[in-house]
Amino acid sequence: MEERLQKVMAQSGVASRRACEELIKENRVQVNGKPAHLGQKVDPMKDHISVDGKPLAQQESRRYLILNKPFGYITTSKDQFGRRSVLDLLPEVTERVYPVGRLDYDSEGLVFLTNDGDLAYRVAHPKFELPKTYLVRLKGIITMDAVYRLRTGVILEDGRTSPAQVEVLKPQDNDSVLRITITEGRNRQLRRMCDKVGFQVQRLQRTAIGPLTIGKLAVGKHRPLSGKELQSLKRAVQL
């Protein structure tokens, strides 16, 4: 049965569908020895598919992990500056899992990793509006005007942000601590939002992705999702 190439790649654990599309655009994928093109349909049982010269592996066992990302790690597999990746924290995981969504180099907290391309697509895509919650420490005592602007949407260079849930927690050493929940995932979005309302982010930690929470998971450690967590996540993204 023929299916779109990027879907077959995602189901084989290469990356999310969106990332697979980029691999195809970068001419890193071949089908039957010829360069692949976006939208191409293939039969995984008949066609020979390779990525960067390596044959596409047969579909692996599905893995679903959460990891507590430390400061100073990237959430991509490769980096032109040679920085450490969260994948370096998973030496015993034999399946080719990948992080879903982004979490900045200088941010910490919950990262979801899987080789399930369909679920990864839904978790990452803003149209499913999966909430992500962060603890944000800001320099100085935030004003209620700034809180209001965060809650109602901030105009950034790439457009107005969607309304955010913002809870002001107890200040620490003359710094503000907020719990912020958003459903978007723009590049460095929370840092840019806070800068726009006049406050610099001192520390940013993601504590939840939809029904998944970081709980007491130690920094740098990971664990598999429970069956209950996985079903809750799938329901949250209508899968």
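Observations
- Each residue in region 188-228 was checked for being without any contact (Cβ under 8 Å) to a residue 60 or more places away in the chain and either in a helix (DSSP H, G or I) or under 21 Å from T114 (Cβ atoms) (or both), and 12 pass.
- Qualifying residue in region 98-108 (condition: over 16 Å from the mean Cα position of the chain (by Cα) and without any contact (Cβ under 8 Å) to a residue 40 or more places away in the chain): no
- Matching residues, region 11-28, being in contact with a Leu (Cβ under 8 Å, 6 or more places away or on another chain) and more than 23 Å from T94 (Cβ to Cβ): E21, I24, K25
- I180 being of a type in the set (V, I, T), surrounded by 19 or more Cβ atoms within 10 Å (Cβ to Cβ) and outside the structural domain of K69 (by TED's automatic domain parsing): yes
- Unmet criterion (only one of (1) exposed (fewer than 14 other Cβ atoms within 10 Å of the Cβ); (2) closer than 21 Å to Y64 by Cα) for L169: (2)
- Criterion (surrounded by 14 or more Cβ atoms within 10 Å (Cβ to Cβ), outside the structural domain of V86 (by TED's automatic domain parsing), within 20 Å of the chain's Cα centre (by Cα) and of a type in the set (G, A, S)) met by exactly one of A146, A164, A120: A164
- The strands (runs of 3 or more DSSP E) found entirely in region 1-103 include none that carry 1 or more residues being among the aromatic types (F, W, Y) and at pLDDT below 85.
- Subset of region 211-224 that is touching a helix residue (DSSP H, G or I) at 6+ places or on another chain (Cβ under 7 Å) and under 12 Å from V111 (Cα atoms) - its residue that is surrounded by the fewest Cβ atoms within 10 Å (Cβ to Cβ): G220
- Only one of the numbered conditions (1) free of Cβ contacts under 8 Å to residues at least 12 places away in the same chain; (2) surrounded by 12 or more Cβ atoms within 10 Å (Cβ to Cβ); (3) not aromatic (F, W, Y) is violated by V51, and that is (1).
- Of the residues making up region 5-39, those that are over 26 Å from the mean Cα position of the chain (by Cα) and touching a residue at least 24 places away in the same chain (Cβ under 8 Å) are V31, A36.
- Residues that are among the hydrophobic types (A, V, I, L, M, F, W, C), under 25 Å from V237 (Cα atoms) and outside any loop (DSSP other than H, G, I, E, B), drawn from region 156-187: V166, I180, I182
- On inspection, S61 does not qualify as farther than 21 Å from T207 by Cβ and surrounded by 15 or more Cβ atoms within 10 Å (Cβ to Cβ).
- Cross-chain or 6+ apart pairs with Cβ under 7 Å, region 140-160 first and without any contact (Cβ under 8 Å) to a residue 24 or more places away in the chain, then loosely packed, with under 11 Cβ neighbours inside 10 Å: G153/R160
The values are calculated or read from the model by the stated rules, or taken from the named source; none is laboratory data. Since the model is a prediction, treat every value here as computed from it, not as a measurement. So basically every Cβ, Gly included, is an ideal-geometry build from the backbone, and we count neighbours across all protein chains shown.
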